[in-house]
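Following: one structure in structure tokens, then a few remarks.
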Amino acid sequence: MKKRVTYLAIALTTNCNYQCFYCKRGGESISKEKETISFSNIKKIIASAHEIGITNYRITGGEPTSVPYFGKLIEYIMKFKDTKIRINTNGFKILEYIDVLKKYKESIDIVFSVDSISEYIEGAHFPKYLSKDVIRITKLLRNNGISVRYNIVVTKLNQCQVELLVLKAIDDLNVNVKLLDLNRFSEYFGYSNEVRAQEAFKLWEELFIPMSNFYDFLSEISNHSESEWTTQLISKGNGIPMSCYFRGNNWIQVKDSTRGAKYSEYCISSCLLYKTGNCQEGVFSLFLSSNMVLHLSGCKNTSIHYDLNGKEDGQIKKAFKDLLKLFN
């Protein structure tokens, strides 16, 4: 079957060893419960997805390396033809899986969440900072030929360190970088207590900074740039348009939500969330949350959420195909 121009992101678990102030309960999963997908269930999903043409997978959470079967999952996905994997991690246990990562290094890249150089900025705690451990792990991965990218979530707090962090990542550690502006959620962990609803929106307003603030800097340090560029391993042409700035053999990718997103005809004609301006992501990727619900990444429209718990292979494939129609 013809390959699809998309990928499947999988939030294996909602569990994470950090609670970053700009994140929410459950991490990328739409579920807020403490849960992890069973290995038998995830194998069934991947087998069905691959059979209909999905070969690219992004593994996330929560923190995916905390899941006991993580190494076995990499081996399982790699058994299928032409598969590639992107792993989103804070590096918590990544070195426990160095052997399997080296084994499949041509088809795997690691995305580290690294938001600052300092652990504390203006009294706010940044657990995902460029610590000595992160530097050591990064060097070990790169020395073994494993592709590494740093994801930097930019806020008004850490903006003062972004430029230096970008240059350290590219010039000193030989890794790629992605700058992301702050997602607008209805809840956040916050600095000390969780905030919801109007308080969450106020926190977002307080912290949000436009990516355009960095465009001049990125132009100055880069050899050339491309527009509407997404990722090398995953997808192109969907979701929020992104620019990429090249510096030597590495690149800086920018996710700028103020530039809008690409939507399907269904979104435009039938989705109330789109019509009321409450959707940021557009049609970007397929996403399996930790509660076994298949949906579009960032999509809150429950009418196109598919609960795959206990479903047979045929039902699973139909759910995938129904969502894939939105990409055409």
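The values are calculated or read from the model by the stated rules, or taken from the named source; none is laboratory data. Treat the numbers as computed from the prediction; the structure is a model and nothing was measured. Note that each Cβ is placed from the backbone with ideal geometry, even for glycine, and that neighbours are counted across all protein chains shown.
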Would you check which residues across segment 131-164 are hydroxyl-bearing (Ser, Thr, Tyr), under 24 Å from residue 209 (Cβ atoms) and crowded, with 21+ Cβ neighbours inside 10 Å and list them? 150, 155
Quick check, is residue 323 among the hydrophobic types (A, V, I, L, M, F, W, C) and over 15 Å from the mean Cα position of the chain (by Cα)? yes
Filter segment 4-44 down to residues that are aromatic (Phe, Trp, Tyr), in contact with a Ser or Thr (Cβ under 7 Å, 6 or more places away or on another chain) and over 16 Å from residue 288 (Cβ atoms), then give me how many there are. 1
So which residues in segment 1-54 are part of a loop (DSSP other than H, G, I, E, B), over 30 Å from residue 155 (Cβ atoms) and out of contact with any helix residue (DSSP H, G or I) (no Cβ under 9 Å at 6 or more places or on another chain), if there are any at all? 2, 3, 38
Condition first: of a type outside the set (Gly, Ala, Ser) and surrounded by fewer than 18 Cβ atoms within 10 Å (Cβ to Cβ). Now tell me which residues in segment 56-85 satisfy that. 68, 69, 72, 75, 76, 78, 79, 80, 81, 82
Evaluate segment 304-315: report whether one residue or more is at pLDDT below 95 and closer than 19 Å to residue 31 by Cα. no
Residues that are assigned to a loop (DSSP other than H, G, I, E, B) and of a type in the set (A, V, I, L, M, F, W, C), drawn from segment 79-120: 80, 92, 114, 117
Could you give every pair whose Cβ atoms fall below 7 Å, whose first residue belongs to segment 245-263 and is closer than 11 Å to residue 180 by Cα, and whose second residue is acidic (Asp, Glu), counting only separations of at least 6 or pairs across chains? 255/181; 256/181; 257/181
Residue 144: on the phi > 0 side of the Ramachandran plot and modelled with pLDDT of 95 or more, yes or no? no
In the set 276, 302, the lone residue that is more than 26 Å from residue 49 (Cα to Cα) and either surrounded by 18 or more Cβ atoms within 10 Å (Cβ to Cβ) or among the β-branched types (Val, Ile, Thr) (or both) is 276
Search segment 112-151 for residues being within 13 Å of residue 166 (Cα to Cα) and charged (D, E, K, R), and hand back the single one that is nearest to the chain's Cα centre (by Cα). 149
Residue, farthest from residue 111 (Cα to Cα), within segment 165-184, restricted to residues that are touching a helix residue (DSSP H, G or I) at 6+ places or on another chain (Cβ under 9 Å) and surrounded by fewer than 17 Cβ atoms within 10 Å (Cβ to Cβ): 184
Yes or no: segment 156-166 includes at least one residue that is out of contact with any Ser or Thr (no Cβ under 7 Å at 6 or more places or on another chain), outside any helix (DSSP H, G or I), touching a residue at least 12 places away in the same chain (Cβ under 8 Å) and among the polar types (S, T, N, Q). no
Determine, yes or no, whether residue 278 is over 20 Å from residue 152 (Cβ atoms) and over 19 Å from the mean Cα position of the chain (by Cα). yes
